[in-house]
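The values are calculated or read from the model by the stated rules, or taken from the named source; none is laboratory data. Here the structure is a predicted model, which means the values were calculated and not measured. Positions of Cβ are backbone-derived with ideal geometry, glycine not excepted, and every protein chain shown enters the neighbour counts. Remember, those area values only see protein heavy atoms, side chains included, never the ligands or the DNA or RNA. Shrake-Rupley method; radii C 1.70, N 1.55, O 1.52, S 1.80 Å.
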Amino acid sequence: MMTEDPLVDVGSLLQSMAQKVTSLMQARNIGHYEIVGIRSGGVWLAKALGAELGHRGAVGELDISFYRDDFTRIGLHPRVRPSALPFATEDQNLLLVDDVLMSGRTIRAAMNELFDFGRPASITLAVLADIGQRELPIQPDVLGCTLHLKPGQRVKLLGPEPLNLVVKQGVPT
Amino acid sequence: MIWPTENKPRAAIQLNHEGQLRHFLSIEGLKRELLIEILDTAESFIEVGSRSIRKVPLLRGKTVANLFFEASTRTRSTFELAAKRLSADVLNININTSATTKGESLSDMLRNLEAMAVDMFVVRHVQSGSPHFIATAVTPGVSVINAGDGRHEHPTQAMLDMLTIRQHKGGFENLTVAIVGDILHSRVARSEIHALKALGAAEIRVIAPDTLLPVDVESMGVKVFSTLDEGLRDADVVVTLRLQKERMEGALLPSEHEFYRLYGLSAERMRSAKPDAIVMHPGPMNRGVEIDSAVADGAQSVILQQVTNGIAVRMAVMSMAMSGQINALAARGGQ
């Protein structure tokens with residue numbers, strides 16, 4: 001059995017994330033930064049967060065398929081699409097956005113990919129939901145909410161309009 | 001003369017239990033969806049080629065051996081670049097100086113290379129079907145990519161041509177594609193016809209003298225033209241082929257000059273095609289034989305773009321085939 005329950009109010013989480021981003025960037029003396037989302041949920045979220053922040057300029061879209069660390073186990077992700085960064089990353093401050101943070105492996109792959117576009121001045125990580133289960137020493141700088149899932153539960157962002165975070169029950173582990 | 005035919009079950013060796021690519025030996029027998037997946041994956045690799053670091057870690061730790069039993073510059077070097085941009089280690093085996101000249105058999109050589117933990121063989125051979133033979137002989141998990149075998153197929157060349165066509169024309173459904181010249185000796189033409197058919201091109205034409213056409217070529221679903229002006233009329237894409245003098249036994253042609261007079265692509269002749277038609281050539285070109293310099297270097301030529309696309313297409317095919325082998329091995333282990 002698969003059920004989908006809306007979990008949180010994504011709109012109000014986005015508002016609080018935008019406030020945290022603004023104060024964090026001020027505290028770090030970062031005047032200008034560009035926003036990059038990880039496909040596909042992270043891109044939807046990056047665009048919504050960018051709108052909330054009044055950010056000018058297009059949001060970068062990262063497809064990490066070529067950088068995943070499980071290629072030798074599960075092969076290439078089908079339907080890979082080109083990454084699209086409409087700005088130079090060299091010496092740029094970046095706000096990296098993803099929907100759900102779990103093992104940390106996606107973020108590691110995304111950072112590796114970003115460096116191949118040019119060495120950024122800094123990367124700040126913003127995620128909507130942290131569900132724990134970390135396997136790498138990666139933590140968000142800006143966090144929407146923390147979720148404690150039961151065994152067999154998975155969380156998924158539906159979108160792009162409207163954005164809804166749902167729990168999928170009964171998915172075999 | 002008849003083109004070598006491949007029976008259908010042989011095409012199946014290219015795919016794993018889930019229908020994913022694991023070897024890339026021929027276009028014949030592959031479905032449209034898979035060809036589209038190759039083109040889409042190649043588009044992502046084109047983007048990688050525009051970065052400051054044009055390299056991804058996909059095949060890190062894998063070893064690719066280029067086995068070229070026949071001369072090649074473009075294909076061998078773009079395969080090498082493709083493998084390096086996927087972070088693989090590359091071994092280039094020049095067959096003329098290798099142990100085969102000392103009498104070592106092909107299977108012995110393959111066993112030795114496998115003992116060096118080679119994960120993928122890129123094979124060019126003068127004999128049709130050689131890459132297929134090697135694919136049946138390698139240990140499970142090892143991929144074989146056909147880089148041109150005899151007159152049979154040159155599947156990566158066809159796919160880079162398809163990518164170039166799609167970039168300029170958006171798709172294939174409404175296109176008239178004319179392939180001109182030495183069809184008989186051309187593995188490129190053969191692979192292209194299979195690819196264009198699978199991708200749904202509206203009309204595929206071949207333009208050549210009778211002596212340079214395979215017997216029964218119409219059965220492949222192409223229209224045959226013996227005059228250039230007629231065959232080029234309203235074409236969207238014109239593919240010129242190299243006159244393969246080294247493969248010609250006997251007098252198939254009066255002379256190169258005569259060939260140029262009748263079938264050489266000049267600016268004048270190109271006026272029969274659509275004004276926005278593109279001109280392709282798989283290289284190496286015989287300027288002044290099958291194509292004029294004015295056309296080869298002209299505004300409608302996409303010949304150098306074909307070379308660039310070749311790297312991306314080869315990256316796509318290599319990573320997809322390795323991926324298919326990984327999944328095939330995982331399925332075996334899971335049984």
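Count of segment A:90-114 residues, restricted to those that are within 14 Å of chain B (Cβ to nearest Cβ) and in contact (Cβ under 8 Å) with a residue 24 or more places away in the chain, is 10. Test residue A:126 against the criterion of being within 26 Å of residue B:45 (Cα to Cα) and at pLDDT 95 or above, and give yes or no. The answer is no for residue A:126.
Exactly one residue among B:258, B:246, B:268, B:290 is without any contact (Cβ under 8 Å) to a residue 12 or more places away in the chain, under 14 Å from residue B:184 (Cβ atoms) and not hydrophobic (A, V, I, L, M, F, W, C), and that residue is B:246. Quickly run through segment B:172-185 and pick out the residues that are assigned to a loop (DSSP other than H, G, I, E, B) and either closer than 18 Å to residue B:273 by Cα or touching a strand residue (DSSP E or B) at 6+ places or on another chain (Cβ under 9 Å) (or both). Result: B:172, B:173, B:174, B:175, B:181, B:183. Among the residues making up segment A:53-100, those that are assigned to a loop (DSSP other than H, G, I, E, B) and β-branched (Val, Ile, Thr) are A:59, A:80, A:89. Residues that are closer than 17 Å to residue A:98 by Cα and either touching a helix residue (DSSP H, G or I) at 6+ places or on another chain (Cβ under 8 Å) or open to solvent by 40 Å² or more (accessible area, probe 1.4 Å) (or both) within segment A:20-44 comprise A:20, A:21, A:33, A:35, A:36, A:37, A:38, A:39, A:40, A:44, listed in sequence order. Evaluate segment B:174-197: report whether one residue or more is at positive phi, open to solvent by 20 Å² or more (accessible area, probe 1.4 Å) and in contact (Cβ under 8 Å) with a residue 12 or more places away in the chain. Among the residues of segment B:174-197, not one is at positive phi, open to solvent by 20 Å² or more (accessible area, probe 1.4 Å) and in contact (Cβ under 8 Å) with a residue 12 or more places away in the chain, which makes the answer no. Residues that are assigned to a loop (DSSP other than H, G, I, E, B) and without any contact (Cβ under 8 Å) to a residue 60 or more places away in the chain within segment B:11-28 comprise just one, B:19. Considering segment A:66-89, the residues that are open to solvent by 80 Å² or more (accessible area, probe 1.4 Å) and either within 14 Å of the chain's Cα centre (by Cα) or at negative phi (or both) include one that is farthest from the other protein chains (Cβ to nearest Cβ), namely A:86.
So is residue B:161 out of contact with any Lys or Arg (no Cβ under 7 Å at 6 or more places or on another chain), in contact (Cβ under 8 Å) with a residue 40 or more places away in the chain and acidic (Asp, Glu) or not? For residue B:161, the condition - out of contact with any Lys or Arg (no Cβ under 7 Å at 6 or more places or on another chain), in contact (Cβ under 8 Å) with a residue 40 or more places away in the chain and acidic (Asp, Glu) - is met.
Checked against the criterion of being at the interface with another protein chain (Cβ under 10 Å from one of its Cβ atoms) and either at pLDDT below 95 or closer than 20 Å to residue B:130 by Cα (or both), the candidates B:53, B:93, B:46 yield just one match: B:53. So is residue A:94 more than 20 Å from residue B:313 (Cβ to Cβ), hydrophobic (A, V, I, L, M, F, W, C) and under 15 Å from the mean Cα position of the chain (by Cα) or not? For residue A:94, the condition - more than 20 Å from residue B:313 (Cβ to Cβ), hydrophobic (A, V, I, L, M, F, W, C) and under 15 Å from the mean Cα position of the chain (by Cα) - is met.
With respect to the conditions (1) within 14 Å of another protein chain (Cβ to nearest Cβ); (2) open to solvent by 20 Å² or more (accessible area, probe 1.4 Å), residue B:315 falls short on a single one, namely (2).
Looking only at residues of segment A:53-65 that are charged (D, E, K, R) and in contact (Cβ under 8 Å) with a residue 24 or more places away in the chain, we find that the one that is least open to solvent (accessible area, probe 1.4 Å) is A:63.
Applying the condition of being at pLDDT below 90 and open to solvent by 20 Å² or more (accessible area, probe 1.4 Å) to segment B:7-43 and asking which residue is nearest to the other protein chains (Cβ to nearest Cβ) yields B:12. Scanning segment B:112-149 for residues that are charged (D, E, K, R) and open to solvent by 20 Å² or more (accessible area, probe 1.4 Å) gives B:114, B:119. Scan segment B:325-332 and tell me whether some residue there is within 14 Å of chain A (Cβ to nearest Cβ), buried (at least 21 other Cβ atoms within 10 Å of the Cβ) and not acidic (Asp, Glu). Yes: one or more hits.
Do you know which of the residues in segment B:56-81 that are within 13 Å of another protein chain (Cβ to nearest Cβ) and out of contact with any Ser or Thr (no Cβ under 6 Å at 6 or more places or on another chain) is most open to solvent (accessible area, probe 1.4 Å)? If we take residues in segment B:56-81 being within 13 Å of another protein chain (Cβ to nearest Cβ) and out of contact with any Ser or Thr (no Cβ under 6 Å at 6 or more places or on another chain), then B:61 is most open to solvent (accessible area, probe 1.4 Å).
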